[in-house]
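To keep things clear, I will list the structure first and then write my remarks on it.
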Amino acid sequence: MDLPTDILRTFVVAANEESYTAASSIVHRTQSAVSMQMKRLEELVGCVLFKRNGHSMKLTSEGQTLLRYAQRMLKLHDQAIAELSRPELSGRVRLGAASDYTENVLPLLLARFAAMFPHIQVDLACEPEFRLVESLKKGEIDILIKTSGEKPSTGRIIHRESVVWVGSDRYPVHEQDPVPLAVYNDECVYRNWAIDALTKIEKNFRIAYTSPSTSGILAAVRGGLAVAPVGLSAVSKDIRILGIRDGFPDLPTAYVAIITSSRHLSPVVESLYEHVIKGFEEFDHIQRNSFKKDVDG
């Protein structure tokens, strides 16, 4: 029995998305093609891999077993291809990003990059964005992932980040008057949007906690110390999104762009540049489909 890697790759995506429709947009196949691949895989292994559960699909126990092996097989496959196809590509690339993405999107993205390009060293700088912008201008970093309140005039837009209010899932801190806020530094657009929005509706607030990092902001939220404006990508299941019914107005959507220090990229820098763009495209698919599943129930 041989298990084709293209079918295994579709299987892993379908398992993660719990939907053939969502998987089809990621693997760039039609829904019927994905369904046929999964039927073929079940025929090969001789057991049922998925079972229907309302609007979504869940793995059977056999499917969960295969998923573990499929992930390991594909990782080894990709490492082998990368090693054989571009063994000469080596060097160092410096990436700057705010903590919004260094705690969720980038770890997986960079782990995959390291597997594909084992001889490239990535130095990650995580600082307030105004410092990262200066570092980019000075040539101290090669690539910057930057969040802006307005459509950026430079760089390439790779993501649009919804900004939401979050509060503790255990403590009704959002009902306090004035409401305590956990915010970033003065230069942060999320902070300015939050203050402007609350001021417009004449809602009393006070700055109770400041931090340069998303982890610090979310720690204050989880501890019931404050409410905070954060990017939707930073929201986890143990915190609560607050909306108009809770007394918090909608916040704008931010632009996320990738910017380079030079127009002429070395092969090493270009490899990470293209990998980041592709990674955020996949992240967008996952985030949209996850939101759709939450809405559909």
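Just so you know, all these numbers are worked out from the coordinates, no wet-lab data involved. Keep in mind that this is a model prediction, so the values were computed, not measured. Here the Cβ is made from the backbone with ideal geometry for all residues, glycine too, and neighbour counts use every protein chain on show.
Numbers at a glance
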{"item": "Members of segment 1-45 found to be assigned to a helix (DSSP H, G or I), under 19 Å from the mean Cα position of the chain (by Cα) and not small (Gly, Ala, Ser), listed by number", "result": "Val12, Val13, Asn16, Glu17, Ile26, Val27"}
{"item": "Residue match in segment 230-243 (condition: more than 30 Å from Lys278 (Cα to Cα) and surrounded by fewer than 17 Cβ atoms within 10 Å (Cβ to Cβ))", "result": "yes"}
{"item": "Answer residue from segment 9-33, given it is among the aliphatic types (A, V, I, L, M) and closer than 11 Å to Met57 by Cα and is surrounded by the fewest Cβ atoms within 10 Å (Cβ to Cβ) among those", "result": "Ala15"}
{"item": "Failed item, numbered, when Ile277 is tested on (1) of a type in the set (Val, Ile, Thr); (2) under 18 Å from Val105 (Cα atoms); (3) surrounded by 16 or more Cβ atoms within 10 Å (Cβ to Cβ)", "result": "(3)"}
{"item": "Residue match in segment 46-62 (condition: part of a helix (DSSP H, G or I) and more than 23 Å from His159 (Cβ to Cβ))", "result": "yes"}
{"item": "Residues of segment 48-61 satisfying the condition of being within 18 Å of Tyr20 (Cα to Cα) and surrounded by fewer than 18 Cβ atoms within 10 Å (Cβ to Cβ)", "result": "Val48, Lys51, Arg52, Asn53, Gly54, His55, Ser56, Lys58, Thr60"}
{"item": "Selection count where residues are within 30 Å of Tyr273 (Cα to Cα) and in contact (Cβ under 8 Å) with a residue 24 or more places away in the chain, scope segment 151-182", "result": "13"}
{"item": "Within segment 79-122, tally of residues that are under 19 Å from the mean Cα position of the chain (by Cα) and loosely packed, with under 13 Cβ neighbours inside 10 Å", "result": "3"}
{"item": "Single condition Glu282 does not satisfy, out of (1) closer than 29 Å to Val13 by Cβ; (2) of a type outside the set (A, V, I, L, M); (3) in a helix (DSSP H, G or I); (4) in contact with a Pro (Cβ under 9 Å, 6 or more places away or on another chain)", "result": "(4)"}
{"item": "Sole exception among (1) polar (S, T, N, Q); (2) buried (at least 17 other Cβ atoms within 10 Å of the Cβ); (3) closer than 30 Å to Val164 by Cα for Gln37, by number", "result": "(3)"}
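Conditions tested, residue by residue: (1) more than 22 Å from the chain's Cα centre (by Cα); (2) in a helix (DSSP H, G or I).
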{"residue": "Gly139", "(1), (2)": "yes, no"}
{"residue": "Val166", "(1), (2)": "no, no"}
{"residue": "Tyr171", "(1), (2)": "yes, no"}
{"residue": "Glu187", "(1), (2)": "yes, no"}
{"residue": "Ala219", "(1), (2)": "no, yes"}
